[in-house]
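Here is the structure we will look at.
Derivation of every value follows stated rules applied to the coordinates shown; laboratory data play no part. Given the structure is predicted, the values throughout are model-derived calculations rather than measurements. Methodologically, a virtual Cβ is constructed for each residue, glycine included, from the backbone with ideal geometry; neighbour enumeration extends over all protein chains shown.
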Amino acid sequence: MAFPSLSPTARAFEPGDWPVRTYEALSGAEVRIRYGNKRTGAKLSLSYDNITDTQAQEFLTHYIDTQGTFIAFNVPAAIRTGWTGASNAFDPGSTGALYRYAQAPQVTAVRPGVSTVQVELVGVV
Amino acid sequence: MSKIFTGRDGSLLLSGQALAKVSNWTLQGELETLETTTLGDSQRTYTPGIQGFNGSASLLYYKSDAGVNDAGTLLRKIIKTDGVSTSDIVSLTLRLSDGATTNDVTINAYITSVSIGATVGDVSRAEISFQVTGAPTTVTI
């Protein structure tokens, strides 16, 4: 099963960074060494407020299908709903990077048949 | 035939029996709405949440020839020595009559507040408020 193709209520994105180690001399001068050429560690937080329990179940099913935080995956275009910038703005990293779950989705019951889901994803190479 | 309902057409029943000397009743209904607006929407959308009902009534503190005091019956649902329990739920029917035709809302409710007093030159009146529990059992209003 693919990541649910639902429009989120809210979205927060951090693009991550390249693997850089920073050294600071006693003089205050900074030396940075890049150990790789791929951006990783992008963070994508999505919330889906007041969706049906059936829709919330899709996230739980996908989390199980990806064996929790183990298997990485692509996310659908629906997560970009409302974004008028470039379609690759929320890519998880450099070419070849994918998202995986940073933690289990949080499903909160709102009322019978209605739930709110919070998803945290992290980009990995 | 058209009809404008007035206070003369109103009545309040407790467990199916009309209460004496009711001067007014009110019923309020509310619906909680849950927002389902998503990114990209230009207008807000909602899905229904939980309903709730509450109301009030005003009765004269009156004892009938048979010794029945309807206001006292409702007052004792909250003014009591041993606390309120689920056995204090009352079945109220709020009615507007049109001859033999009745327009009812029947609800189960807790009496949540009462106010009663005695004033020189005035009748004693009991003001009660109630909170409906569960869905209305009859709606023909």
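The table below gives the values:
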item	result
Directionally averaged shadow of chain A, computed from the convex hull of its alpha-carbon atoms, nm²	9.5 nm²
Value of D in µm² per second that Stokes-Einstein yields for region B:100-141, Kirkwood Rh from Cα pairs, at 37 °C (0.692 mPa s)	258 µm²/s
Peptide-level mean, for B:36-46, of C-beta atoms on other protein chains within 10 Å	5
Chain lengthening between B:ASP82 and B:ASN24 when straightened (0.36 nm per residue, less Cα-Cα)	17.9 nm
Selected from B:ALA109, B:ALA118, B:ALA126 as most flexible by GNM, with chain B as the system and alpha-carbon contacts under 10 Å	B:ALA118
For chain B, projected area of the alpha-carbon convex hull averaged over all directions, nm²	13.6 nm²
Total lysine pairs under 25 Å (Cα atoms) in the protein assembly as shown, excluding pairs fewer than 8 apart on one chain	6
Summed residue charge, Cβ within 15 Å of B:LEU74's Cβ, Lys/Arg positive, Asp/Glu negative	+3
√(5λ) per eigenvalue of the Cα gyration tensor, the protein assembly as shown, largest first, Å	64, 21, 16
Separation between Cα centres of region A:65-121 and region B:12-49, rounded to whole Å	36 Å
HN-Hα J in Hz across region A:3-13 - Karplus 6.51, -1.76, 1.60, θ = phi - 60°, x for Gly and Pro	4, x, 8, 10, 6, x, 7, 8, 9, 10, 9
Nearest 10 degrees, 0 to 90: helix A:53-65 Cα axis against chain A principal axis	50 degrees
